[in-house]
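Trainee: First the structure, then my questions, so here it is.
The values are calculated or read from the model by the stated rules, or taken from the named source; none is laboratory data. Just so we're clear, the structure is a prediction, and the values are computed from it rather than from any experiment. Cβ placement follows ideal geometry from the backbone for every residue including glycine, while neighbour counts extend to all protein chains displayed. Side chains included, ligands, DNA and RNA excluded: accessible areas come from the protein's heavy atoms. Shrake-Rupley method; radii C 1.70, N 1.55, O 1.52, S 1.80 Å.
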Amino acid sequence: MTSHFDPTQIAQNMAEVAAQENFSGVVRVSRDGNALFENAYGLASRRWNVPVQLSTRFDVASVTKLFTSVAILQLVDAGKLELDQNIGSLLDLTDTVLNPEITIRQLLTHTSGIADDADEEAGESYEALWVDKPNYSIEQTGDFLPQFAHKSPNFAPGEGCRYCNCGYVLAGLTLEAVAETSYRDFICERIFAKAGMATAGFFHMADAEPDVAEGWDPARDDDGAVAGWRQNIYSYPPIGSPDGGAHVTAADLTRFLDALRNGELLSPELTTAFLTPQVHHSDDDDGSLHYGFGLEFELRADGSIRSFYKDGINAGASAMLRHYPELNVTVAVVSNSEDGAWAPVRIIDRVILPAAVEATPAAM
């Protein structure tokens, strides 16, 4: 399909953003694995003045949930799990308030009703969890359980839809119980290696891992001006988990989605299911938001898909993986600051969306 937008418009606008907003990260726009636009900006380490390269690996926060979801679906493909199987048959939930009737499907589509350790939809701060508890005490998937296992649920399983990080923690615990291996080892072997994400991984903040961006956020004075930078080493657990924290390049993200869409990671049936909206979340003036098995779908008023995506945000980390079906274009933005990804995402939307409206619809 011929491109209906001019990638040089992205380049021109990104140059301004990088200069004005201290943007550090990588922006990649591609089709079928071929980059239409790709560039690196800013610093991977503000302490040592190390520039970002295209090969730099970034913490992609909640985009990690996509890897978790596909891993769970691989176990479904293998006949080791069922989407409508309840977690009480797989996990010991004794002495918790977690409903054993919650299903794997509900965990992946944010319809389980369980309370989050920090409720993002209610505006709770994830950083605040670590004021009285050392973040370095949370390294294994099971370490997260005490943070939410005794909190009252928001609703009964299947009777609502509310974004929930800890649903993916439970999904990760389920994976470990069924696969009899660690979550991180499974993802590296069954997702990263199969998708050609050769340098992706889970890297501990305390380790000297080369070509991994450090997370930094601006410290601002009373007038809102940047007065310095603060590293995120005390803001969340020091190594990635099923709900966030994998380290990948921007190209890795597009490789993952291309491999998924090409049927390289899941059966045809579950590939289709993964790329299909599953539950309604909310409406706005332009359409509606639906959740899938990790992905989020923007639907227009006529029901067509404007885009599907997964974003991630944490202290010192932000990312977006997005696909525009009408143009068959995939966007990956990775940044090592909490607010970094969003200006590039808005620029790309402004350039791409008018072309998407005019384009002939294409298969996802």
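Trainee: List pairs: first residue in the stretch 263-279 and more than 15 Å from V76 (Cβ to Cβ), second residue of a type outside the set (D, E, K, R) and open to solvent by 40 Å² or more (accessible area, probe 1.4 Å) anywhere in the structure, Cβ distance under 6 angstrom, at least six positions apart or on different chains.
Mentor: L275/M364
Trainee: Here's a follow-up. List the pairs whose first member sits in the stretch 74-89 and is over 11 Å from V178 (Cβ atoms), whose second member is open to solvent by 70 Å² or more (accessible area, probe 1.4 Å), and whose Cβ atoms are under 6 Å apart, counting only residues at least 6 apart or on separate chains?
Mentor: Listed by first residue and then by second, the contacts come to L83/R105; D84/R105; N86/E101.
Trainee: Select from the stretch 226-269 the residues that are open to solvent by 10 Å² or more (accessible area, probe 1.4 Å) and of a type in the set (D, E, K, R) and write down the one among them that is nearest to V333 (Cα to Cα).
Mentor: Looking at residues that are open to solvent by 10 Å² or more (accessible area, probe 1.4 Å) and of a type in the set (D, E, K, R), I get R255.
Trainee: I've got another one for you. Looking for whichever is without any contact (Cβ under 8 Å) to a residue 24 or more places away in the chain, in a helix (DSSP H, G or I) and among the acidic types (D, E) here; the options are D258, D349, D283, D252. Which one fits?
Mentor: Of the residues listed, the single one that is without any contact (Cβ under 8 Å) to a residue 24 or more places away in the chain, in a helix (DSSP H, G or I) and among the acidic types (D, E) is D349.
Trainee: Which condition number does D286 fail, the rest of (1) within 22 Å of T330 (Cβ to Cβ); (2) among the acidic types (D, E); (3) modelled with pLDDT of 95 or more; (4) over 20 Å from the mean Cα position of the chain (by Cα) being met?
Mentor: It is condition (3) that D286 fails.
Trainee: Specify the residue that is least open to solvent (accessible area, probe 1.4 Å); the eligible residues are those in the stretch 289-309 that are assigned to a strand (DSSP E or B) and touching a Ser or Thr at 6+ places or on another chain (Cβ under 7 Å).
Mentor: Y291
Trainee: Identify all residues within the stretch 217-243 that are in contact with a Phe, Trp or Tyr (Cβ under 8 Å, 6 or more places away or on another chain), touching a residue at least 40 places away in the same chain (Cβ under 8 Å) and not aromatic (F, W, Y); write none if there are none.
Mentor: Selection gives D217, P218, Q231, N232, S235, P237, P238, I239, G240, S241, P242, D243.
Trainee: Run down N22, N49 and say which single residue is in contact (Cβ under 8 Å) with a residue 12 or more places away in the chain and under 23 Å from E338 (Cβ atoms).
Mentor: Details: N49 fails: in contact (Cβ under 8 Å) with a residue 12 or more places away in the chain.
On inspection, the qualifying residue turns out to be N22.
Trainee: Let me ask another. So in the stretch 123-148, with the set limited to residues that are more than 23 Å from the chain's Cα centre (by Cα) and part of a loop (DSSP other than H, G, I, E, B), which one is surrounded by the fewest Cβ atoms within 10 Å (Cβ to Cβ)?
Mentor: Among them, the one singled out is D132.
Trainee: Where residues in the stretch 63-82 are farther than 22 Å from D252 by Cβ and in a helix (DSSP H, G or I), which of them is least open to solvent (accessible area, probe 1.4 Å)?
Mentor: Step by step, filter the stretch 63-82, then rank; the result is L75.
Trainee: Can you pull out the residues in the stretch 206-225 that are part of a strand (DSSP E or B) and open to solvent by less than 90 Å² (accessible area, probe 1.4 Å)?
Mentor: First pass over the stretch 206-225, keeping only residues part of a strand (DSSP E or B): 212, 216-220.
Scanning the stretch 206-225 gives V212, W216, D217, P218, A219.
Trainee: Of the residues A193, A179, only one is touching a helix residue (DSSP H, G or I) at 6+ places or on another chain (Cβ under 7 Å), within 30 Å of L260 (Cα to Cα) and at pLDDT 95 or above; which? If you could, list the steps in order and put the result at the bottom.
Mentor: On the way: A193 fails: touching a helix residue (DSSP H, G or I) at 6+ places or on another chain (Cβ under 7 Å).
So the residue among A193, A179 that is touching a helix residue (DSSP H, G or I) at 6+ places or on another chain (Cβ under 7 Å), within 30 Å of L260 (Cα to Cα) and at pLDDT 95 or above is A179.
Trainee: Would it be correct to say that E338 is in a loop (DSSP other than H, G, I, E, B), open to solvent by 10 Å² or more (accessible area, probe 1.4 Å) and not hydroxyl-bearing (S, T, Y)?
Mentor: yes
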